[in-house]
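Student: Here it is, the structure, as C-alpha cells.
The values are calculated or read from the model by the stated rules, or taken from the named source; none is laboratory data. Model, not experiment: these values are computed from the prediction. Here the Cβ positions follow ideal geometry from the backbone for every residue, glycine too, while neighbour counts run over all protein chains shown.
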Amino acid sequence: MEKWKVTDRREVYSNPPWLRIHSETVRLPDGKVVEGFHQVQLLDYALMMVEREDGRFIVIRQYKHGVRDVSLMPPAGGINPGEDPLETARRELMEETGHEATGWRKLTEMVTHANQRCSVGHLYYASGARQVATPDSGDLEEQEILYLTRDEIRAAIRNGEVKSTSALAGFSLVIAGILP
C-alpha cells in the first residue's frame with residue numbers, strides 16, 4: 001500500500017486554536033486526483049488511565065456536549081500550542097481531579113477520525129495516584145469524580161455509560177489488559 005500525495009492544501013475555515021478546516025487535493029497511488037478532500041484539525045489531547053494507590057481508577061462522570069449526554073470519561077484535556085503531551089496529562093490530572101501520580105507511561109497515540117484526522121489523542125497510563133489538592137478544572141462541564149475497579153468499569157461499558165470512542169478505547173486497552 002502506498003501513501004496518498006497531497007498536491008495542494010488550502011485553509012477554508014479557521015477559529016484558532018479550536019478548529020481549522022483544510023481542503024486538500026490528493027493524488028492516489030493509481031494516479032487518480034481527488035479534489036476537495038477535507039481535513040479537520042482540532043486540538044490534540046492527552047487522555048489518562050490513572051490508577052490510584054488502592055488499585056481503583058479515576059473516572060469522571062460528566063455531561064459531554066458532543067455526545068449530548070452524561071458519559072464516564074478518564075481524565076483528559078487539550079494540548080496547548082507548544083505544550084508537551086505528558087505535561088498536558090500531568091496538568092489536566094491535577095486540574096480535573098487534584099491528583100498526582102508517581103509513575104507515567106505513554107501507551108499509544110490514536111487518530112480520532114481515520115479519514116479527516118481531526119485530532120491525535122496521546123494515551124497515558126499513570127500509577128500510584130493520590131489526591132494532593134482540590135480539583136479546579138475551570139471546565140464548563142459539571143463533573144463527579146469516581147474511583148472504580150476494573151470490574152466496575154467493565155460493567156459501565158456493558159451498560160452503555162461510556163459514550164466517547166476515545167474514552168472507550170482507553171478504558172478497553174487498559175481494562176482488558178492489552179496495555180500496559
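Student: Can you list residue pairs whose Cβ atoms sit under 6 Å apart, with the first residue in region 158-180 being among the charged types (D, E, K, R) and the second being surrounded by 18 or more Cβ atoms within 10 Å (Cβ to Cβ)? Count only pairs 6 or more apart in sequence or on different chains.
Tutor: Cβ pairs passing all conditions: 161/72; 163/71.
Student: Could you tell me whether residue 52 is surrounded by 12 or more Cβ atoms within 10 Å (Cβ to Cβ) and either without any contact (Cβ under 8 Å) to a residue 60 or more places away in the chain or over 14 Å from the mean Cα position of the chain (by Cα) (or both)?
Tutor: The answer is yes for residue 52.
Student: Still on this structure, please answer the following. Tell me, please, whether a residue that is out of contact with any helix residue (DSSP H, G or I) (no Cβ under 9 Å at 6 or more places or on another chain) and within 15 Å of residue 86 (Cα to Cα) can be found in region 142-165.
Tutor: no
Student: Counting only residues that are outside any strand (DSSP E or B), aliphatic (A, V, I, L, M) and free of Cβ contacts under 8 Å to residues at least 40 places away in the same chain, which one in region 76-131 is nearest to residue 38 (Cα to Cα)?
Tutor: Taking the candidates together, the pick is 114.
Student: Now for a different question. Could you list, in sequence order, the residues of region 133-156 that are surrounded by 15 or more Cβ atoms within 10 Å (Cβ to Cβ), under 20 Å from residue 68 (Cα atoms) and either modelled with pLDDT of 95 or more or in contact with a Gly (Cβ under 9 Å, 6 or more places away or on another chain) (or both)?
Tutor: 145, 156, listed by residue number.
Student: Only residues that are in a helix (DSSP H, G or I) and β-branched (Val, Ile, Thr): list them for region 132-175, please.
Tutor: 153, 157, 165, 174, 175
Student: Taking the stated definitions as given, is residue 149 more than 27 Å from residue 40 (Cβ to Cβ) and either among the polar types (S, T, N, Q) or not assigned by TED's automatic domain parsing to the domain that holds residue 74 (or both)?
Tutor: The answer is yes for residue 149.
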